[in-house]
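See structure below.
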Amino acid sequence: MTEVKKADLESMNIPEDKLRQLKHFFPEVFTEGLKVDPDKLRLVLGENVDTGRERFGMNWPGKADCFKIIQAPSVATLILAKDESINCDKTNNLFIEGDNLEVLKLLQKSYYGKVKMIYIDPPYNTGREFIYPDNYKESLDTYLRYSGQIDDEGRKYSTNAEADGRFHSKWLNMMYPRLYLSRNLLRDDGIIFISIGEDEINNLSLLCNEIFGIENLLGVACRVAKRSNNKGDFWAPNFDYILTYAKNHEFAVPFFGGANEKAYDQIDTDGPRKGEKYQLVRLYMSTIQNRNPEQRFWIECPDGSKVIPPGTTFPPDRPALGDGIWRWTRTKFEAERDKIVIKEVRSSNLLDGNKQPAKWNVFTKTYLNDVINNATAKPNNLIEDFINQIGSHELGDLEIPFDYPKPAVLIQHLMSISKVSDSDIVLDFFSGSCSTAHAVLAMNQQTDGSRKFIMVQLPEPCDETSEAFKAGYKTIADIGKERIRRVIKKIKDEQVQSKNKEKLLFDKKMNPNLKDLGFKVFKLAQSNFKVWDGDAEPKKEAVEKQLEMHVDHINPKSSQDDILFELLLKAGFELTTKIDKVSMAEKTVYSVEGGLMLICLEKELTKEVIKAMAEKTPSRVICLDQGFAGNDQLKTNAVQIMKSKGIEDFRTV
């Protein structure tokens, strides 16, 4: 019987991926397969290391277990909650409810190297606020218990009490693997911003230096969090900090110092820069003076008349000192005529052909994107304009109670200075009330953009004495989802109101990109497939149970959508990938990314549907193993049919 490859149901193997990267650059240090000879590696790097000597570095109790956490692949999945989503079939935005450690592992294949910006506001280490699994091996089960998906009172999440002897260590153990995994998701030009208080800023700095490399530290900004504060024994703490690291300093784009975006009040309606914002700037400015004849010439107007800046001499004579000149030379004017706008005005300081005041004026288009891309001014690392009170007002306007939200306008500011542009992905894996999602939606609204967000939040229960709980929010994840819904509704309401105005900022003709007012909700769950437990006790009963599971290894409660999205995620496709449900040979087939991959989840496969899929020549085909119903001949034929069409990647699950 021909053997068919099995679909990989685990998240990315982080150590193996790192080894393959290392082998690409240093093949000579490998002995066989992916085994490294450490002595050869030191030799290649020009080092002569005495292992007995002390080394500089950061260590704490539990650090070794952090690497076990990172290296342990996840066999969990994400289940689509369509009823909690908005515009589910078309949106590119994601809200994922679950333990961010497991979720980050699951995102490795699909979003590796794709995220432009990460912003996180992790729990500050105050002695009561963050929760964590006591045992990394139980992270998924612990989460399932915690979120009520497993009926078990033994929930093993607890607070990090300040009296605990490992107070700082536990916080570092929680942060290290999450930051490590998040770095993988950043693009080469990606940036991470981390809000942090003074309790752990020193430890977090050392931690990030190790994970991201001290050469990729872009600096630390100090943010005024409160204008006044009576807390504290000595200093009243009014600040927090924003640690900033690049994925790779060499590719990082210099930060943008800002522009008066309100001044760019025009939008190109056609041409190569259709949809871009610009402002009109006079081509003649009286403050510019020299005697360059190339900057004093006649410009023809729409009615055939000509205009020139004021002065006493005229071409071809050389201008006298004090004569007006254009900002541009004749050569630049001719080369960039597409940026010239000549308008009839009530009053102009230009002269016409009769040397009288003209009725026309000449302007140039200055595009906002050009200003952003060419600016040299840098943002101040003292951030004073985005205090916490603004965040409270933002949620108050949406009628959502929540304590200490970060202002969405702060995150918009970070997106602006780091030049997060259209179609870029912004990730927040401690998303809380979803200030980051609010910021992305608001910035898209203001700039006609199409940036995308991925929010990750544990369904941490709201305190039963809190206003949020009294308002009906059981978890912080519920607050985040509702905030996104209300922001979307508010933007839609503003769009409807704007349709009666002269300038339709969100008119479909003017702004074709602002269509994504939605988000998909996914929830962390156990795999739809019963995975072999290598840690099970080697007892006869346990082994028999494992073997019994594999007779019918698909969870009977799993829907086709559940299985589909797990296969999509484990195959390395984004969760927002376009999927078409098509009929082939009277069977249902899912066409992924325009036919790049075909998935058939039918439990009774036929030779006809195998042929029909092969005819589409996808890169990969996945079918249920039980679809062959023990028909080895059909499975063998399927392999041969696929190979005959050049399809080598045919798998079953």
I'd like to check something: does the stretch 106-116 contain any residue that is part of a strand (DSSP E or B) and either in contact with a helix residue (DSSP H, G or I) (Cβ under 8 Å, 6 or more places away or on another chain) or assigned by TED's automatic domain parsing to the domain that holds T576 (or both)? yes
Residue match in the stretch 124-141 (condition: surrounded by fewer than 22 Cβ atoms within 10 Å (Cβ to Cβ), part of a loop (DSSP other than H, G, I, E, B) and at pLDDT 75 or above): yes
Pairs, please: C-beta under 6 Å, at least 6 apart or cross-chain, first residue free of Cβ contacts under 8 Å to residues at least 12 places away in the same chain and in the stretch 210-230, second exposed (fewer than 14 other Cβ atoms within 10 Å of the Cβ)? N229/A236
Got a sec? Which of D233, D199 is assigned to a loop (DSSP other than H, G, I, E, B), surrounded by fewer than 15 Cβ atoms within 10 Å (Cβ to Cβ) and in the same structural domain as N388 (by TED's automatic domain parsing)? D233
Somewhere in the stretch 281-294, is a residue surrounded by fewer than 16 Cβ atoms within 10 Å (Cβ to Cβ), more than 30 Å from the chain's Cα centre (by Cα) and closer than 30 Å to L414 by Cβ? yes
Exactly one of (1) of a type outside the set (G, A, S); (2) surrounded by fewer than 17 Cβ atoms within 10 Å (Cβ to Cβ); (3) over 24 Å from the mean Cα position of the chain (by Cα) is unmet by N381. Its number? (3)
Please go through the stretch 83-99 and pick out each residue that is in contact (Cβ under 8 Å) with a residue 60 or more places away in the chain and surrounded by fewer than 23 Cβ atoms within 10 Å (Cβ to Cβ). E84, S85, I86, N87, C88, K90, T91, N92
Which pairs turn up if I take residues in the stretch 245-272 that are more than 18 Å from G219 (Cα to Cα) and look for partners that are exposed (fewer than 14 other Cβ atoms within 10 Å of the Cβ) with beta carbon separation below 6 Å, at least 6 apart in sequence or on another chain? D268/K274
Taking the stretch 275-311 and keeping only residues that are assigned to a loop (DSSP other than H, G, I, E, B) and among the hydroxyl-bearing types (S, T, Y), one is left with S286, T287, S305
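Does the stretch 422-445 hold any residues that are hydrophobic (A, V, I, L, M, F, W, C) and closer than 18 Å to P459 by Cβ, and which are they? Walk me through it before giving the result.
Going through the stretch 422-445, the residues hydrophobic (A, V, I, L, M, F, W, C) turn out to be 425-427, 429-430, 434, 437, 439-443.
Result: F429, F430, C434, A437.
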Scan the stretch 401-435 for residues that are surrounded by fewer than 24 Cβ atoms within 10 Å (Cβ to Cβ), more than 18 Å from the chain's Cα centre (by Cα) and at pLDDT 95 or above and report the count. 0
Do we find a residue being over 21 Å from the mean Cα position of the chain (by Cα) and assigned to a helix (DSSP H, G or I) anywhere in the stretch 453-468? yes
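The values are calculated or read from the model by the stated rules, or taken from the named source; none is laboratory data. This structure is a prediction, so every number in the text was calculated from the model and none was measured. Every residue, glycine as well, gets a Cβ built from its backbone with ideal geometry; the counts of neighbours run over all protein chains shown.
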